[in-house]
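Asker: Have a look at the structure that comes next, please.
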Amino acid sequence: MKKIGIIVTALAFLVVLTQCKKESQPAHEAVTITLDLKGNQGTRMDVNTVTGEVTYQNGDVIYVASAGHFIGTLTYNGTNFSGGITDPAVGQPLHFYFLGNVTPAETLSAGSTTSCSVVISDQTEHLPVIEYAPSNENYDSGSTTYTAMLLNKCALVKFNVTTASELATCITGMRNKVTVDFTENTVTPSQEGNGIIKLPAGSGEKWAILLPQEAMDAGEDGSAYSEDEAYTGTHGAVPAITENGYLTAGIEVNVTTEGGTPSLHPEGAINGLFTINANGDQVYFSQGNLQYKATTNIWRFATNQWDYVGQSNKNVSSTYDNWIDLFGWATSGYHNVYDNFNVRYQPFSYSNTTINTECNTYGYGPSTNMYDLNLTGMSAEYDWGVHNAISNGGNQAGLWRTLTSDEWNYIFNTRSASTIGNTSNARFAKATVNGVSGIILFPDNFSSVPIYMPTPLQINNESASFNANSYSVEAWEVMENLGCVFLPVAGNRYRYYTTVNYVGYITEYNNNGGCYWSTTYYDSGQANYVYFSNSSLNLQDKNSRYLGFSVRLVSPKE
C-alpha cells in the first residue's frame with residue numbers, strides 16, 4: 001500500500017501520473033492525466049494515529065498548477081487520481097497540492113488563478129492533511145508518465161482533552177490557514193482570526209493537524225472552550241511545530257468551567273453579575289431597555305439588548321398604541337397627592353409652553369417638598385422598576401430598580417473585574433452590536449472567548465469610537481451568554497417649541513449618544529444620568545428632568 005507518512009521517518013511516497021498520449025497540444029485544450037496509486041485500497045483514515053501514516057479515500061482532490069497558474073484538479077476514484085488540466089507549460093514541472101479536502105476560499109479558474117487559501121479550523125470529522133510536491137519530470141506533451149514525492153506541510157499532534165461538554169472543543173492561538181502561491185510554488189501557514197482548531201467532541205485523546213509555528217505558552221482562561229461557549233478552559237503549552245512532525249506526548253486541555261450562567265438569576269435578566277459598591281453588593285441587568293405601551297399600561301424589557309424604538313417616541317401620548325422607551329425622570333406612574341409639583345408623573349408625560357415654569361422647576365418626580373429627593377427610600381415608588389410589574393421580568397412590582405449615579409460610576413470605574421488580554425479590571429468597551437452603537441459592560445467574572453474579542457479591543461477607553469469593536473448577532477449571542485451587557489445608543493426626546501405645542505424628536509444616535517437615567521436628584525429641575533457618545537463618556541452628567549432618556553433596570557442578587 002502506498003502511503004504518505006507524517007512521522008519524521010516516513011517522509012513521502014512515490015506517485016505515478018499517466019497522461020493520455022497526444023502528438024500535439026493545441027492552445028486551451030484540456031488534457032486528461034491520471035495519477036495511479038496502485039495497491040491503495042481506497043480507504044483513508046485521515047491519518048493513522050498509531051503509525052502516523054496517511055492514505056486516501058474516494059473523492060480526495062489534488063490541485064494542479066503549472067507555470068504560475070492553477071490548471072485543474074485530479075480526483076481519487078478508489079484506484080487512482082484523474083482529471084482535466086488546461087495548458088500545462090511544456091518543459092516545466094507540474095505542481096501538486098493536496099489541501100485536506102477543504103474547499104479553497106477563492107474561486108479557482110484554470111489558467112488565471114495564481115493563489116488560493118484554505119482554513120483548516122474544523123477537524124471534527126477528518127484531519128485535513130496539507131501536502132505538496134512538484135513532478136520529478138518536466139511536462140512534455142509526448143510523455144505519458146510523471147512521478148512526484150508528496151511531502152507533508154503539517155504535523156500530527158495529540159491533545160488530552162478534559163471537558164464537561166458533549167460538544168466539540170475549540171482551542172485558539174493556532175495557525176489554521178494555508179495560502180498557496182502558484183507563482184512561487186509555496187505553501188505558507190498563517191493564523192485566521194484567533195486561530196481556532198475545533199477538535200472532535202468529548203473527553204479523551206484527540207488528534208489534530210497543526211501547521212508549522214513557534215512554541216506557545218499555556219493559554220489563559222478562554223483559550224479553550226466548548227463549541228457552544230457554555231464551558232471555558234485552558235490549553236497547555238504547545239511546542240514548536242515543524243513540517244512532517246508527529247507529537248505523541250499529548251497537550252493537556254481542560255474545558256470544565258461554566259461560561260458564567262448563574263443558576264438563580266431573575267426572569268428577564270442577563271446572566272452576569274456586577275458589583276455596585278464597596279460593600280460588594282451585586283446586581284443583574286435586565287435583558288434590554290425598558291419599554292411601555294400606554295393603551296394597555298404594560299411595561300416590558302426589549303427583546304434584544306440592541307433594540308430601541310427611535311423616532312416613534314415623538315408620538316408619546318396616553319392614546320398612542322405602540323411602544324415607547326424614552327421617559328422623563330421618575331415617570332413611573334406613581335403620584336403623591338400631597339406634592340403639588342409632581343404634575344408630570346405618567347410615562348407618557350410631556351411638557352408644553354403653558355407649563356414651562358412648572359416643568360423646569362419641578363414637574364417630574366419628587367420635588368423639594370418630598371422627604372427623599374432621590375428615587376429611593378420614601379420616594380422609591382417614583383422608580384419605574386419599584387412601582388411597576390414588568391411583564392417579562394417576573395411580572396411583579398418591586399423586583400427591579402434603577403441604579404444611582406454613584407452605582408453607575410462604580411460599575412464603570414471602580415469595581416474589580418476580569419482581565420482581558422493585557423487589560424486588568426476590564427469593565428467596559430465601546431462597540432457596535434448588530435450595527436447599533438453603544439457600550440459593552442463586562443461582568444465581574446468574565447471568561448473571555450478570544451475569537452469574540454476583536455482587535456484592537458479598546459477596553460476602559462472613554463474616548464474610543466463605537467467602531468472600535470463590532471459584533472454580529474451570532475457573536476453577541478456568545479458574549480451575552482457569558483454575562484455581557486450592551487447599552488444601545490437610543491437617542492433622547494426633548495422639547496421643541498413652536499407657538500403652542502411640544503414636538504418630540506429623536507437625535508441621530510451616532511452623533512448625540514446614549515442617555516440613561518439614574519435615581520439621583522441634582523437640583524429642583526435636573527437629575528443625574530449617564531451620557532456617552534462616539535468620543536466621550538460622562539457618568540454623572542446632569543440635565544432637565546423632563547427630557548426623555550433610556551432606562552435600564554437592575555435586580556439585586558439575593
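Every read-out reported here was derived from the displayed coordinates using simple, explicitly stated rules and does not represent laboratory data. This structure is a prediction, so every number in the text was calculated from the model and none was measured. Note that we place each Cβ from the backbone using ideal geometry, even for glycine, and neighbour counts take in every protein chain shown.
Asker: Among residues other than Ser379 whose Cβ falls under 14 Å from its Cβ, what is the net charge (Lys/Arg +1, Asp/Glu -1)? Don't skip to the answer; put the middle values down first.
Answerer: Numbers: positive: Arg401, Arg545; negative: Asp339, Asp372, Glu381, Asp383.
Result for the neighbourhood of Ser379: -2.
Asker: Also: If each of Ser465 and Thr186 carries a label point 7 Å out from its Cα toward its Cβ, how far apart are those two points in nm?
Answerer: 3.3 nm
Asker: For Glu252 and Ser312, what does the FRET efficiency come to when R0 = 51 Å and r is the distance between their Cβ atoms, rounded to the nearest 0.05?
Answerer: Efficiency, rounded to the nearest 0.05: 0.40.
Asker: Now, a different point. For Thr75 and Ser524, FRET efficiency with R0 = 51 Å and r from the beta-carbon atoms, rounded to 0.05?
Answerer: Taking R0 as 51 Å, the efficiency between Ser524 and Thr75 is 0.05.
Asker: Between Gly288 and residues 5 or more places away or on another chain, which pairs have amide H atoms under 5 Å apart, with H built 1.01 Å from N, and which residues are they?
Answerer: Under 5 Å from the amide H of Gly288: Ala302.
Asker: Something else about it: When the Cα centres of segment 54-82 and segment 272-294 are compared, how far apart do they sit, in Å?
Answerer: 58 Å
Asker: Return the distance in nm (one decimal) between the two label points of a simple spin-label model at Asp281 and Asn413, each offset 7 Å from Cα along Cα→Cβ.
Answerer: Distance between label points: 2.0 nm.
Asker: Taking a threshold of 29 Å on the Cα-Cα distance, which of the pairs Lys206/Lys557; Lys314/Lys557; Lys314/Lys542; Lys198/Lys557; Lys153/Lys430; Lys430/Lys557 fall above it?
Answerer: Those over the limit are Lys206/Lys557; Lys314/Lys557; Lys198/Lys557; Lys153/Lys430.
Asker: How far apart, in nanometres, would the label points at Ser143 and Thr242 be if each is projected 7 angstrom from Cα along the Cα-to-Cβ direction?
Answerer: Placing both labels 7 Å beyond Cα along the Cβ direction yields 3.2 nm.
Asker: List every residue whose amide H lies under 5 Å from the amide H of Ile251, counting only residues 5 or more places away in sequence or on a different chain, with H placed 1.01 Å from N in the peptide plane.
Answerer: Counting only residues 5 or more places away or on other chains, the set is Lys158, Phe159, Asn160.
Asker: Met378 to Thr319: extension gain in nm, 0.36 nm per residue of separation minus the Cα-Cα distance?
Answerer: 18.2 nm
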